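First comes the structure, then the notes that go with it.
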Amino acid sequence: MGENLNIPLPVRSSQLIVVLIEPEIQGNVGAVARAMLNFGFDELRIISKIGYEFEDEALARSKHAKKVLLDSVIFHDWKSCMEDVSLVIGTSGKREYGEKVSFRHFVMPEELAVRLLEVEGKVALVFGREGVGILTDELQMCDILVTIPTWEGYPILNLSHAVSLILYEMHKALCDGELGNQVGLPKTTHANRLLDPELRRMIHKLSDDLAEMVKVQEHKRPGIAETLKRVIMRGMPLDDEAHRILGVMKQSRDSLSQSIEEE
């Protein structure tokens, strides 16, 4: 009971990578690896400034998914971890009110799963620390935010439970989509390519540039930049679409800059 069957992992268009930021509990990391393999995912990255070694508890909790742990890659910072990634998805269970609501444009797991069904490229699905989750400055570097609709009275899930629920939706979308409910069959339809990582970085930078140039109160600039990034990236533009958007953003930035100089 519970052993692996010798069949290949499901074929997906996008390459989803689970990223854990500074995990604190070895057992949770092992349970995450097990959940990943349960739903046909095997790429794990860990961000830890001091490095990370798997102890007996993690290996034991991973059960027959030890290979997910042993093949994982450890990064010392966010930038190096995301260098080759086209889309960064942050997860959070925090509920915000008032002005902060505009910062957290959440999508639901089932919606995210459908969006990723027919795109290509590396996608990072990021989970935060057990104690405090993903920090605000890290959330600001994410392109899309996803939340699990838990009860408001106790919204924060255990790390491995959150991973399980989101990956379940990813797997279910694959099985219920164009595969005729046949698990494990490869997709044969043509897929769209996610953004080149450099184009993603340019969208983030130009969004910041534009927010710095508009005439608003200083404390509103970060929110404007985040809204620009999220609205653009939520549509998951293709490379040629991104080039057109970037062209408009560059012209807008240059025009605003010239106007400021002439004043």
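The values are calculated or read from the model by the stated rules, or taken from the named source; none is laboratory data. Every value quoted in this text rests on a predicted model; they were computed, and no experiment measured them. Backbone-built Cβ (ideal geometry, glycine too); neighbour counts: all protein chains shown.
Results, tabulated for the structure shown:
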item	result
Residue check for residue 90: in contact with a helix residue (DSSP H, G or I) (Cβ under 6 Å, 6 or more places away or on another chain), within 18 Å of residue 168 (Cα to Cα) and not assigned by TED's automatic domain parsing to the domain that holds residue 202	yes
The range 15-52: number of residues that are within 15 Å of residue 134 (Cα to Cα) and among the small types (Gly, Ala, Ser)	1
Residues being part of a strand (DSSP E or B) and on the phi < 0 side of the Ramachandran plot - total across the range 120-163	11
Every residue from the range 117-139 that is within 12 Å of the chain's Cα centre (by Cα) and either at pLDDT below 90 or surrounded by fewer than 19 Cβ atoms within 10 Å (Cβ to Cβ) (or both)	122, 138
Candidates 88, 101, 11, filtered to the one that is at pLDDT below 90, outside any loop (DSSP other than H, G, I, E, B) and among the aliphatic types (A, V, I, L, M)	101
Selection from the range 204-263 of residues that are among the aliphatic types (A, V, I, L, M) and closer than 26 Å to residue 109 by Cα	224, 225, 228, 231, 232, 233, 236, 238, 242
Flag if residue 112 is at pLDDT 90 or above, at negative phi and in a strand (DSSP E or B)	no
Enumeration of residues in the range 142-152 that are surrounded by fewer than 17 Cβ atoms within 10 Å (Cβ to Cβ) and either touching a residue at least 40 places away in the same chain (Cβ under 8 Å) or in contact with a Ser or Thr (Cβ under 6 Å, 6 or more places away or on another chain) (or both)	149, 150, 152
Tally of residues being within 16 Å of residue 159 (Cα to Cα) and either loosely packed, with under 13 Cβ neighbours inside 10 Å or in contact (Cβ under 8 Å) with a residue 60 or more places away in the chain (or both) across the range 42-82	1
